[in-house]
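The values are calculated or read from the model by the stated rules, or taken from the named source; none is laboratory data. All values reported here derive from a predicted model rather than from experimental measurement. When we count neighbours, we look across all protein chains shown, and the Cβ atoms used for this are built from the backbone with ideal geometry, even at glycine. The protein model used for the area step is the full one, side chains on, heavy atoms only, and it has no ligands, DNA or RNA in it. Shrake-Rupley method; radii C 1.70, N 1.55, O 1.52, S 1.80 Å.
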Amino acid sequence: SSKTFWTTTGMFPQELIIGFPKCVKINKVAIQCYLVRTLRIERSTSKDPEGFEQCVEKDLQHREGQLQMEEFPLPEFQATYLRFIIKSAFDHFVSVHRVMAEGT
C-alpha cells in the first residue's frame, strides 16, 4: 500500500525480509526509501529464510526531503526470500516505502 511504510528503530544495521510463496526468477529489484546511506540486498533459495548470499551492495545518494528511488538490475537468479539490509543511514531513522521485484 502506498499509504504505509516500514521504519527502522534507530540503530544499524536493520533488515527487512520479503518471502515469496515459491522460488521465483528475478531480474530486477527496485526500492523506494528515505535517508538510507548503504543498502545490501541478499537472496535465499531455501524453504526457510536462511542461507542468504549477497547480490548487491550500494551507497545511495542523499535526497533531502525526497524519496530515494533505486533500481538494481540483477542477473537472472532464483530466490524464495530477499533480505534488505540497511547498513547505515543519513539520520537516526529511515523508512522503506516500496519494494518491487521483476521476473517470472
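Going highest first, how would you order 32-44, 10-22, 91-103 by mean Cβ packing within 10 Å?
32-44, 91-103, 10-22
Given a 1.4 Å probe and every protein chain left where it sits, what share in percent of the accessible area of the chain is carbon and sulfur?
Of the solvent-accessible surface of the chain, carbon and sulfur hold 48 percent.
So what J values fall out for segment 50-59 if you push phi through Karplus, 6.51 cos²θ - 1.76 cosθ + 1.60 with θ = phi - 60°, rounded to Hz, Gly and Pro as x?
8, x, 6, 10, 5, 9, 7, 9, 8, 8
Roughly speaking, what % of Cα-Cα pairs in segment 45-104 are separated by over 18 Å, rounded to a whole number?
It works out to 46 percent of all Cα pairs.
Note down the net charge around residue 88, summing +1 for each Lys or Arg and -1 for each Asp or Glu among other residues with Cβ under 14 Å from its Cβ.
0
Given the Cα-Cα distance of residue 95 and residue 47 and 0.36 nm per residue of separation, how much length would full extension add, in nm?
14.5 nm
Quick one: dipole size for segment 13-103, taken about the Cα centre, charges +1 on Lys/Arg Cβ and -1 on Asp/Glu Cβ, in debye to the nearest 20.
Result for segment 13-103 is approximately 160 debye, rounded to the nearest 20.
What base-10 log of the normalised intensity I(q)/I(0) is obtained for segment 3-104 from the Debye formula, alpha carbons as equal point scatterers, at q = 0.10, 0.24 Å⁻¹?
So the normalised log intensities work out to -0.26, -1.34.
Consider all pairwise Cα distances in segment 1-40 and report the whole-number % of them above 11 Å.
When every Cα pair of segment 1-40 is considered, 78 percent fall beyond 11 Å.
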